[in-house]
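*Asks:* This is the structure I want to talk about, given as C-alpha cells.
The values are calculated or read from the model by the stated rules, or taken from the named source; none is laboratory data. Given the structure is predicted, the values throughout are model-derived calculations rather than measurements. Cβ atoms come from the backbone with ideal geometry, glycine included; neighbour counts cover every protein chain shown. To get the accessible areas, we keep the full protein, side chains included, count just its heavy atoms, and leave off ligands, DNA and RNA. Shrake-Rupley method; radii C 1.70, N 1.55, O 1.52, S 1.80 Å.
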Amino acid sequence: MRLLLALMWVLHWLPLPLLGRFGSAVGSVLFVLLKTRRKIALTNLRLCMPELSEAERVTLARQHFQAYSRSVWERAILWWAPKARLQRLIKVEPGVPLAAIQAGPVILLCPHFVCLDVAGVAAMLETNVCSMYVQQKNKVFDEVLRRGRSRFRPVQLFSRKEGVKPIIRALREGLPYFMLPDMDFGDKDSAFVPFFGIPAATLTAPGRIAAVTGAAVIPVIATFLPNYQGWRVKFYPAWENYPGDDMAEAARRMNAFIEERVREAPAEYFWTHKRFKTRPPGQPSLYANGQPGTAQTEPVRYT
C-alpha cells in the first residue's frame, strides 16, 4: 500500500489528461481480471437497463470500470495538488450554496457516482462540513484518505455506530452534512422502494433527519468533464416540500432523482456495489448463479 500511494503521489504531477488516460487503461485491465465485480456490474445493468442489448451492457460495464479506476488515480490530485490547481479543474455549477448553508441546516445529498470525492472537495474549499465515515481496513490508506479529505478544512467524521444524534447536533450547530444516501445497508431503517423498477432497500435517514432538523436537502452530483479537462460539480435546487409525512415516499422520490442523474452519466454510477443485495421477504437473491431475467431469477418489478 505504501508503494501504491507513493506511485499515486508521483503521478499526481502529471497533466490530468495523461493521468486520466492512464487510469482508464488500468480500468480496462481490471474489467478483465476482476470477474466477481464484473459479474455484479453486469447483473445490476441487466436489472436496471433491460432495454439495452447484452453487448451494450458489456460496453457500459467496461466504461464503468474505466471511469472508476480513473477516479481512483485522479484522487491523487485531490489529495496532493495545490488549491489553485483544484480550482482550475473543478467547475462548480452554479456554485457552492453558501447562502443556504448560512440560512439554516443543510444536507448535501451526494449519490455514489465515481467522482463523489470531487464533490466533497468542492464543498470543503468553501465551507466546513461533516460526514459519515467507514474506517478503511488498511491503516496506511485510511490515514491518507482522512488527511486528503480534510486538508483544507477540519471535517467532522462520524461512525455509523454512533447513529444520527451527532449528525443532528452538527446540523443544528450550522455544519452542513455531506450525505451518501444510496447504498444497501440492510433493511434496518430502510424502506423497499423502486430503483429502476426493482425493490431496493433504501435508507429513510435523509427524510428523517430533514424532518427532525428542518434541513434543506440540496443534491450534488460530480461527473467528468469531456476530454479529460477536469470535473463538473453541480449543486441542484433544494427539494421543495421534502420530506413530507411519508418517509417511504421521500425515499422513493430520492431514488427517482438519482435514476434521472444516472441516465445522464450511466458509466459513472457505482455499478459494482450490490445495490439489490437485501431482498423483500420471500424474494430470492439477485446475485446468485444465473442471470437476471431467467425464470429462476426474474425479479419482481414495480409498475
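*Asks:* How do the pairs read when you match residues in the stretch 138-161 that are more than 22 Å from Thr127 (Cβ to Cβ) with residues anywhere that are open to solvent by 50 Å² or more (accessible area, probe 1.4 Å) and charged (D, E, K, R), using Cβ under 8 Å and keeping only pairs 6 or more apart or on different chains?
*Replies:* Taking only residues 6 or more apart or on different chains, the pairs are Val140/Arg2.
*Asks:* Among the residues of the stretch 252-269, which ones are under 14 Å from Thr223 (Cα atoms) and either among the basic types (Lys, Arg) or open to solvent by less than 30 Å² (accessible area, probe 1.4 Å) (or both)?
*Replies:* Result: Ile258, Arg261, Val262, Arg263, Ala265, Ala267, Glu268, Tyr269.
*Asks:* Condition first: part of a helix (DSSP H, G or I), more than 14 Å from Pro17 (Cα to Cα) and open to solvent by less than 10 Å² (accessible area, probe 1.4 Å). Now tell me which residues in the stretch 70-85 satisfy that.
*Replies:* Once the filter is applied, which keeps residues that are part of a helix (DSSP H, G or I), more than 14 Å from Pro17 (Cα to Cα) and open to solvent by less than 10 Å² (accessible area, probe 1.4 Å), the stretch 70-85 yields only Leu78.
*Asks:* Okay, moving on. When you check Arg172 against the structure, is it touching a helix residue (DSSP H, G or I) at 6+ places or on another chain (Cβ under 9 Å), farther than 22 Å from Val217 by Cβ, charged (D, E, K, R) and surrounded by fewer than 18 Cβ atoms within 10 Å (Cβ to Cβ), yes or no?
*Replies:* Spelling it out, it is not the case that Arg172 is touching a helix residue (DSSP H, G or I) at 6+ places or on another chain (Cβ under 9 Å), farther than 22 Å from Val217 by Cβ, charged (D, E, K, R) and surrounded by fewer than 18 Cβ atoms within 10 Å (Cβ to Cβ).
*Asks:* While we're here: Looking at Val121, Val114 in this structure, which one is farther than 18 Å from Pro181 by Cβ, of a type outside the set (Lys, Arg) and surrounded by 20 or more Cβ atoms within 10 Å (Cβ to Cβ)?
*Replies:* Val121
*Asks:* Quick one: what pairs do we get from the stretch 78-98, first residue without any contact (Cβ under 8 Å) to a residue 12 or more places away in the chain, second in a helix (DSSP H, G or I), C-beta under 8 Å, 6+ apart or different chains?
*Replies:* Pairs that qualify, where the first residue is without any contact (Cβ under 8 Å) to a residue 12 or more places away in the chain and the partner is in a helix (DSSP H, G or I), are Arg85/Ile77.
*Asks:* Let me ask something else about it. When the residues of the stretch 29-58 are narrowed to those that are polar (S, T, N, Q) and surrounded by 15 or more Cβ atoms within 10 Å (Cβ to Cβ), which ends up nearest to Leu78 (Cα to Cα)?
*Replies:* Ranking the candidates gives Asn44 first.
*Asks:* Filter the stretch 192-210 down to residues that are part of a helix (DSSP H, G or I) and open to solvent by 30 Å² or more (accessible area, probe 1.4 Å), then give me how many there are.
*Replies:* Counting residues in the stretch 192-210 that are part of a helix (DSSP H, G or I) and open to solvent by 30 Å² or more (accessible area, probe 1.4 Å) gives 1.
*Asks:* To continue, here is another question. Against the definition (over 12 Å from Tyr133 (Cβ atoms) and over 20 Å from the mean Cα position of the chain (by Cα)), how does Arg147 come out, yes or no?
*Replies:* no
*Asks:* Considering the stretch 186-237 alone, what residues qualify as being in contact with a Leu (Cβ under 8 Å, 6 or more places away or on another chain) and without any contact (Cβ under 8 Å) to a residue 60 or more places away in the chain?
*Replies:* Listed by number, the list holds a single entry, Asp189.
*Asks:* Across the stretch 239-288, what is the total count of residues that are out of contact with any Pro (no Cβ under 8 Å at 6 or more places or on another chain) and in a loop (DSSP other than H, G, I, E, B)?
*Replies:* So the answer is 21.
*Asks:* So Phe224 clears everything in (1) closer than 29 Å to Leu78 by Cβ; (2) in contact with a helix residue (DSSP H, G or I) (Cβ under 6 Å, 6 or more places away or on another chain); (3) surrounded by 20 or more Cβ atoms within 10 Å (Cβ to Cβ); (4) not β-branched (Val, Ile, Thr) except one condition, right? Which one?
*Replies:* With (1) closer than 29 Å to Leu78 by Cβ; (2) in contact with a helix residue (DSSP H, G or I) (Cβ under 6 Å, 6 or more places away or on another chain); (3) surrounded by 20 or more Cβ atoms within 10 Å (Cβ to Cβ); (4) not β-branched (Val, Ile, Thr) applied to Phe224, the lone miss is (2).
*Asks:* Also, I was wondering about something else. Name the residue that is farthest from Arg70 (Cα to Cα), counting only residues in the stretch 86-111 that are open to solvent by less than 20 Å² (accessible area, probe 1.4 Å) and in a helix (DSSP H, G or I).
*Replies:* Ile101
*Asks:* Okay, next question. If the Cβ limit is 8 Å and pairs must be 6+ apart or interchain, which residue in the stretch 1-19 that is surrounded by 15 or more Cβ atoms within 10 Å (Cβ to Cβ) pairs with which residue that is in a helix (DSSP H, G or I) and acidic (Asp, Glu)?
*Replies:* Leu16/Glu74; Leu19/Glu74
*Asks:* Taking Arg62, is it open to solvent by 20 Å² or more (accessible area, probe 1.4 Å), farther than 28 Å from Ser131 by Cβ and touching a Phe, Trp or Tyr at 6+ places or on another chain (Cβ under 9 Å)? Spell out the reasoning first.
*Replies:* On the way: open to solvent by 20 Å² or more (accessible area, probe 1.4 Å): yes; farther than 28 Å from Ser131 by Cβ: yes; touching a Phe, Trp or Tyr at 6+ places or on another chain (Cβ under 9 Å): yes.
Against the criterion (open to solvent by 20 Å² or more (accessible area, probe 1.4 Å), farther than 28 Å from Ser131 by Cβ and touching a Phe, Trp or Tyr at 6+ places or on another chain (Cβ under 9 Å)), Arg62 qualifies.
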